[in-house]
Amino acid sequence: RAGFDNKGSGATLNKQVTWKIKEDQYIAQSFLELAVAVGARPVQMDLEFYLTTQEIDFADTFFQTHRSVLDPDKTIIGLCPGGGVNPRDRVIAKLWHIDNYVALVQQLMRRIDARFILFGSHEDQAYIQRLIRYVGPAQDNIVNACMKTNLKEMGALLKRCHLVITNDSAPLHIAVALGVPSLSIFGPTNHLSLLPDNPAHIAIQSSVACSPCYHNSPFPGCVHVKCMETITVDKVVEQALTHLERIHDQYHHSGI
């Protein structure tokens with residue numbers, strides 16, 4: 001019986017592994033230590049997310065349906081402004097303010113004429129609707145996929161994006177598993193434990209002294225939520241443009 005020993009919770013185990021979620025260690029490595037404890041020899045810790053022919057066909061049809069917006073010659077950015085919901089609690093503090101996403105879309109449209117696909121669940125509809133309502137003329141270059149896909153279909157669409165910009169959320173980890181470059185925004189959670197050490201995945205971690213504070217346990221609560229407020233739109237825009245340029249250079253130099 002192998003498992004994690006966290007504050008005495010591993011008392012019934014005969015193979016106990018220290019739970020290191022508060023440390024700067026990728027969580028996949030922490031879980032692989034369970035396998036090591038029973039004699040396995042892990043050879044890699046990449047996440048995997050499998051797409052069927054049906055889901056790939058869905059993405060093809062989706063792009064064809066929205067071909068006037070999702071021009072293959074344009075930069076396609078997947079935008080996931082929601083999240084923060086899990087079976088244990090709802091952590092609104094993980095969300096970068098939706099008005100910041102509005103400004104982000106407007107600035108990227110002016111700088112690189114990007115095209116956007118918006119992703120989200122029913123919990124995120126209000127955020128998505130606010131973004132579309134306030135983004136102005138840029139909404140002509142947005143396709144709203146919120147509540148229009150299942151999880152695997154969303155993955156197939158994410159796979160077609162050049163970059164995914166998101167809070168700490170499920171779409172981020174799906175993008176990582178699919179090998180889609182990402183730019184993520186972290187406040188209460190720790191990007192070092194939730195993202196692999198891979199230049200394709202860039203995180204902006206809040207610089208406030210109390211960040212991160214949320215370590216895979218019930219959210220401790222916060223009276224100010226300053227961590228996400230200190231991350232500016234300009235910083236995210238510049239990181240996105242730099243990351244896209246790097247991605248383009250790598251793609252070009254690969255000879256593809």
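Worth a mention:
- Test set (1) farther than 16 Å from G83 by Cβ; (2) open to solvent by 10 Å² or more (accessible area, probe 1.4 Å); (3) modelled with pLDDT of 95 or more - P137 fails condition number: (3)
- Conditions (1) part of a loop (DSSP other than H, G, I, E, B); (2) within 22 Å of A93 (Cβ to Cβ); (3) among the hydroxyl-bearing types (S, T, Y); number of the one not met by S193: (1)
- Taking the criterion of being part of a helix (DSSP H, G or I) and over 20 Å from the mean Cα position of the chain (by Cα), the residues of the range 108-128 that qualify are M109, R110, R111, I112.
- Checking the stated criteria, A40 turns out not to satisfy the condition of being over 20 Å from L151 (Cα atoms), touching a Pro at 6+ places or on another chain (Cβ under 8 Å) and either at pLDDT 95 or above or not in a strand (DSSP E or B) (or both).
- The range 140-170: number of residues that are under 8 Å from the mean Cα position of the chain (by Cα), modelled with pLDDT of 95 or more and part of a helix (DSSP H, G or I): 0
- Leading residue by the ranking (nearest to V17 (Cα to Cα)) among those in the range 44-62 that are open to solvent by 70 Å² or more (accessible area, probe 1.4 Å) and of a type in the set (D, E, K, R): D46
- Looking across the range 16-43, the residues that are over 26 Å from P218 (Cα atoms) and open to solvent by 90 Å² or more (accessible area, probe 1.4 Å) come down to V38, R41, V43.
- Hits in the range 63-98 - residues which are open to solvent by 60 Å² or more (accessible area, probe 1.4 Å), modelled with pLDDT of 90 or more and either aliphatic (A, V, I, L, M) or within 30 Å of F219 (Cα to Cα) (or both): H97
- Some residue of the range 109-128 being of a type outside the set (F, W, Y), modelled with pLDDT of 95 or more, open to solvent by 10 Å² or more (accessible area, probe 1.4 Å) and over 30 Å from A28 (Cα atoms): yes
- Residue check: F31 meets all listed conditions (1) in contact with a helix residue (DSSP H, G or I) (Cβ under 8 Å, 6 or more places away or on another chain); (2) aromatic (F, W, Y); (3) not in a loop (DSSP other than H, G, I, E, B) but one, namely (1).
- Scanning the range 210-237 for residues that are of a type in the set (A, V, I, L, M), assigned to a loop (DSSP other than H, G, I, E, B) and at pLDDT 90 or above yields a count of 1.
- Every residue from the range 2-28 that is in contact (Cβ under 8 Å) with a residue 60 or more places away in the chain and not in a loop (DSSP other than H, G, I, E, B): I27, A28
- Candidate set: the range 171-188, residues that are open to solvent by 10 Å² or more (accessible area, probe 1.4 Å) and in a loop (DSSP other than H, G, I, E, B); chosen: the one farthest from I231 (Cα to Cα): G179
- Residue count for the range 53-108 satisfying the condition of being farther than 25 Å from T189 by Cβ and either of a type outside the set (S, T, Y) or in contact with a helix residue (DSSP H, G or I) (Cβ under 9 Å, 6 or more places away or on another chain) (or both): 22.
The values are calculated or read from the model by the stated rules, or taken from the named source; none is laboratory data. Everything numeric in this text was worked out from a predicted model, so none of it was measured. Using ideal geometry, Cβ is built from the backbone for each residue, glycine included, and neighbour counts are taken over all protein chains shown. Only protein heavy atoms, including side chains, enter the accessible area calculation; ligands, DNA and RNA are left aside. Shrake-Rupley method; radii C 1.70, N 1.55, O 1.52, S 1.80 Å.
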